[in-house]
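Working notes, structure below.
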Amino acid sequence: MTVNGTSQTSHFVNPRGRVGFDMSGLTPAPVTPFNRDGSVDYQAIQRLGSWLGSIDGVKGLVVLGHAGEGTFLTEEEQVSVIRAFVKSVDNKIPIIAGITREGNLVAGLEAKRAKEAGAAAGLLYPSHGWLRFGYQKGAPQARYKEVYEASGLPLILFQYPDVTKCTYDLQTQLDILAQPGVFAMKNGVRNMRRWDTEIPLIRKQRPDCYILSCHDEYLLHSSFDIDGFLVGYGNIAPEALLELIAAGKAHDYPRARAIHDKLLPVTKAVYHRGSHMEGTVALKHALVARGILSHATIRGTLLPLEDGAEKEIHGAVQSAQLPRVG
């Protein structure tokens, strides 16, 4: 794989001396477009991926995540979607695959398939049983170790919300980030007390790891003292989010606040809904408004939004002055 004109494998060293690549900027998590019959729309993947990949400051794409309905796809479709996104960006930026299988053995095999399909890294999800029952001490560290050793795929730590039983405590995060093959964190703790106390400590103790916010609905608060965003929101407003990242790194609160306020109608229409899962459906409507998709077809377990939601989302995109693409 070639990124920014440099030939790479999954074992290359990023600017901070770790296996991985530069993630200082925006990493969108694109949707998986479907045809009206429910099959994967590879032509729409080409449009979406080539557009996002052409934007300066976009450092990679995370596919097969929550926004990408990755767990709703067959194994064959997952591999094909990775390959399609790799093709869509013309090897200019890395493709990161969501790794979601529950057991470490099958997650390692999933990561190996992703690597063979062209993924440059994996976003490793917690074992889903932990959501309900919690995890044994040391189990998250073992999960990252075993999946990396089985696949050789560099990994990104995924910090789940504080309201779940699979959110990692501070020491677990520090342990995972110290392990070989782990080079970044996607943090969605959604508890600002924890964010404000833990992020400075992680930054101090693990300065060679990238810290990325995935707080789509709290991006203003979490835009300071980070390396970038890894968000589904990057599908629909990459230009504005790059401006917000720049303002945060400059500690320019008035500028960051102005960008936030301009985007607020979109944030509310997409993410201030009854369930965060509805955000995936809303993202597709917003991509229709921007001219990337022609319809917002989804797969179950997702359901269509309520009557009037599509009009609301289109109006929010227009009010935020997000132009149609192409």
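The values are calculated or read from the model by the stated rules, or taken from the named source; none is laboratory data. These numbers come from a predicted model, not from an experiment. Note: ideal-geometry Cβ built from the backbone for every residue, glycine included; neighbour counts use all protein chains shown. These area figures cover heavy atoms from the full protein model, side chains too; ligands, DNA and RNA do not enter into them. Shrake-Rupley method; radii C 1.70, N 1.55, O 1.52, S 1.80 Å.
Overview of results
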quantity	calculated
Some residue of region 144-161 being more than 22 Å from VAL62 (Cα to Cα) and open to solvent by 10 Å² or more (accessible area, probe 1.4 Å)	no
Criterion: under 23 Å from TYR42 (Cα atoms) and of a type in the set (A, V, I, L, M) - qualifying residue of LEU263, LEU287	LEU287
Matching residues, region 267-321, being within 22 Å of the chain's Cα centre (by Cα), among the small types (Gly, Ala, Ser) and over 21 Å from LEU52 (Cβ atoms)	GLY274, SER275, GLY300
Residues of region 149-168 that turn out to be part of a loop (DSSP other than H, G, I, E, B), closer than 16 Å to ILE211 by Cα and not hydroxyl-bearing (Ser, Thr, Tyr), as a count	2
Residue tally, condition out of contact with any Asp or Glu (no Cβ under 8 Å at 6 or more places or on another chain), more than 20 Å from SER275 (Cα to Cα) and not polar (S, T, N, Q), over region 192-236	19
Tally, over region 291-326, of residues that are of a type outside the set (Gly, Ala, Ser), surrounded by fewer than 19 Cβ atoms within 10 Å (Cβ to Cβ), more than 25 Å from THR71 (Cβ to Cβ) and out of contact with any helix residue (DSSP H, G or I) (no Cβ under 6 Å at 6 or more places or on another chain)	6
Matching residues, region 33-51, being in contact with a helix residue (DSSP H, G or I) (Cβ under 6 Å, 6 or more places away or on another chain) and either of a type in the set (D, E, K, R) or assigned to a helix (DSSP H, G or I) (or both)	TYR42, ILE45, GLN46, GLY49, SER50
Check on LEU212, among the aliphatic types (A, V, I, L, M), open to solvent by less than 10 Å² (accessible area, probe 1.4 Å) and touching a residue at least 12 places away in the same chain (Cβ under 8 Å)	yes
Residue in region 57-71 that is acidic (Asp, Glu), part of a loop (DSSP other than H, G, I, E, B) and within 15 Å of ALA121 (Cα to Cα) present	no
Residues that are outside any helix (DSSP H, G or I) and under 19 Å from GLY188 (Cβ atoms), drawn from region 231-275	VAL231, ILE236, ALA237, HIS272, ARG273, GLY274, SER275
Members of region 83-130 found to be in a helix (DSSP H, G or I), charged (D, E, K, R) and open to solvent by 30 Å² or more (accessible area, probe 1.4 Å), listed by number	ARG83, LYS87, LYS112, ARG113, LYS115, GLU116
First in region 79-101 and on the phi > 0 side of the Ramachandran plot, second anywhere and open to solvent by 10 Å² or more (accessible area, probe 1.4 Å) and of a type in the set (Gly, Ala, Ser), Cβ under 8 Å, 6 or more apart	ASP90/SER50; ASP90/GLY53
Positions within region 189-230 being farther than 21 Å from GLY20 by Cα, out of contact with any helix residue (DSSP H, G or I) (no Cβ under 8 Å at 6 or more places or on another chain) and assigned to a loop (DSSP other than H, G, I, E, B), in sequence order	ASN191
Residue pairs meeting the criteria (Cβ under 9 Å; at least 6 apart or on separate chains; first acidic (Asp, Glu), in region 247-261; second open to solvent by less than 50 Å² (accessible area, probe 1.4 Å))	ASP261/LEU220
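A quick yes/no check of all residues on (1) over 30 Å from PRO304 (Cα atoms); (2) open to solvent by less than 50 Å² (accessible area, probe 1.4 Å); (3) modelled with pLDDT under 95:
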site	(1), (2), (3)
ALA184	yes, yes, no
ASP196	yes, no, no
LEU201	yes, no, no
VAL231	no, yes, no
LEU241	no, yes, no
ALA269	no, yes, no
ARG273	no, yes, yes
HIS285	no, yes, no
